[in-house]
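J.: I'd like to ask you about the structure that follows.
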Amino acid sequence: MIVGEVNAQLESVIPLTLLAANGKAFTMSAVVDTGFAGTLILPFSVCAAMGYEHLGMGYLTLADGSEVGSKLHAATVLWDDQPREIEADSLDGETFVGVLLMKGYRLCTALEVGGAVTLEPLPTKS
């Protein structure tokens, strides 16, 4: 289970651990974004500091319908204590976790400042 909390802007925030190219772990805060269909958006500076390989260019559609170009990087996250290799977008700004990274998990948020945010794995279907 992944546990975070709601910040003063009423954003659901969780801890996110990234593994650098050299294997070192770095934990940061990430905003849960259920409107983002991808996996992860990281700041350019984080991708550079982690030594993530640049894979090419991508495009993201923002909430207002506009499109922005992003750089794609090969990244490794510890997701619920398991390493997961993903393709992350990079832009200036905050770190956002998208629904593709959260797929297979139940998201619960107590929408008040300091409220609990939990992501727990869904039961496997037999």
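Only the coordinates and a few stated rules stand behind these numbers; no lab work does. These figures come from a predicted structure and were not determined experimentally. Virtual Cβ from ideal backbone geometry, glycine too; neighbours counted across all protein chains shown.
J.: I'd like the residue in region 79-109 that is more than 30 Å from Ala48 (Cα to Cα) and in contact with a Ser or Thr (Cβ under 6 Å, 6 or more places away or on another chain) and, out of all such residues, is surrounded by the most Cβ atoms within 10 Å (Cβ to Cβ).
T.: It comes out as Thr109.
J.: All but one of (1) surrounded by fewer than 13 Cβ atoms within 10 Å (Cβ to Cβ); (2) in a strand (DSSP E or B); (3) touching a helix residue (DSSP H, G or I) at 6+ places or on another chain (Cβ under 7 Å) hold for Leu119; state the number of the condition that does not hold.
T.: So Leu119 meets the others, but not (1).
J.: Can you tell me which residue among Leu72, Leu40 is surrounded by 12 or more Cβ atoms within 10 Å (Cβ to Cβ), in contact with a helix residue (DSSP H, G or I) (Cβ under 7 Å, 6 or more places away or on another chain) and not charged (D, E, K, R)?
T.: Leu40
J.: Within region 47-67, identify whether any single residue is surrounded by 12 or more Cβ atoms within 10 Å (Cβ to Cβ) and touching a helix residue (DSSP H, G or I) at 6+ places or on another chain (Cβ under 7 Å), and answer yes or no.
T.: No, that holds for no residue.
J.: Is it true that Glu112 is more than 30 Å from Lys125 (Cβ to Cβ) and surrounded by 13 or more Cβ atoms within 10 Å (Cβ to Cβ)?
T.: no
J.: Quick one: Leu100 ticks every box in (1) assigned to a strand (DSSP E or B); (2) in contact (Cβ under 8 Å) with a residue 12 or more places away in the chain except a single one, so which number is it?
T.: The one condition Leu100 does not meet is (1).
J.: Within region 39-68, track down each residue that is small (Gly, Ala, Ser), within 17 Å of Gly98 (Cβ to Cβ) and free of Cβ contacts under 8 Å to residues at least 12 places away in the same chain.
T.: Once the filter is applied, which keeps residues that are small (Gly, Ala, Ser), within 17 Å of Gly98 (Cβ to Cβ) and free of Cβ contacts under 8 Å to residues at least 12 places away in the same chain, region 39-68 yields nothing.
J.: Any residue at all in region 75-82 that is acidic (Asp, Glu), in a strand (DSSP E or B) and closer than 30 Å to Ala21 by Cβ?
T.: There is no residue in region 75-82 that is acidic (Asp, Glu), in a strand (DSSP E or B) and closer than 30 Å to Ala21 by Cβ.
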